[in-house]
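Below is one structure, written out as structure tokens; comments come after it.
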Amino acid sequence: MGLKRNVSLSTALRYKGQGPYLTFILHRIGGLGMAIFITLHILASFMEGRGWKIGDVINDVYMNPIFQLFIFFCVLFHAINGLRITILDLFPKLIPYHRQAITIEWAAFIALYGFSFFVIVRTALGG
């Protein structure tokens, strides 16, 4: 039988779990963002194939730089965090160092996303 905890939503939102909790939440947001994107992409392709104009409208959303930045954030964070989780699963002796692994993860993510952010914005501005 599972563990039962009666925690209110307001209590859960005040939880200050710091790095591990933040990576957990962002990993879920990234996965959800990618799932929504893939679903919309399949629907847009289907609708465009039928000649419906809504497919063009959805594809126009993809071309928005803000949307591109969000999706790239989701994909990159989900991938880097998934790599960290995989490494810790494959090498359980590293689990005591999970906070250091999160720090390395954030350093890699910020460097890669910062460069990507610059390229996407520069391209959007016509550079």
**Request:** Identify the residue in region 96-127 that is farther than 21 Å from ARG28 by Cα, surrounded by 10 or more Cβ atoms within 10 Å (Cβ to Cβ) and hydrophobic (A, V, I, L, M, F, W, C) and, among all such residues, is farthest from the chain's Cα centre (by Cα).
**Result:** ALA124
**Enumeration of residues in region 67-80 that are closer than 17 Å to LEU112 by Cα and without any contact (Cβ under 8 Å) to a residue 24 or more places away in the chain** = ALA79
**Message:** Within region 37-65, take every residue that is over 25 Å from PHE118 (Cα atoms) and among the β-branched types (Val, Ile, Thr) and give me the one that is farthest from the chain's Cα centre (by Cα).
**Reply:** ILE54
**Item:** Boolean, ARG14 is touching a helix residue (DSSP H, G or I) at 6+ places or on another chain (Cβ under 8 Å) and basic (Lys, Arg)
**Value:** no
**Item:** Qualifying positions in region 35-49 - surrounded by 15 or more Cβ atoms within 10 Å (Cβ to Cβ) and within 15 Å of VAL75 (Cα to Cα)
**Value:** PHE37
**Request:** Would you tally the residues in region 33-60 being of a type in the set (A, V, I, L, M, F, W, C) and touching a residue at least 12 places away in the same chain (Cβ under 8 Å)?
**Result:** 6
**Prompt:** Being part of a helix (DSSP H, G or I), exposed (fewer than 11 other Cβ atoms within 10 Å of the Cβ) and of a type in the set (A, V, I, L, M, F, W, C), is that true of even one residue in region 76-88?
**Reply:** no
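Only the coordinates and a few stated rules stand behind these numbers; no lab work does. For clarity, every value in this text was computed on a predicted model and none was experimentally measured. Note that we place each Cβ from the backbone using ideal geometry, even for glycine, and neighbour counts take in every protein chain shown.
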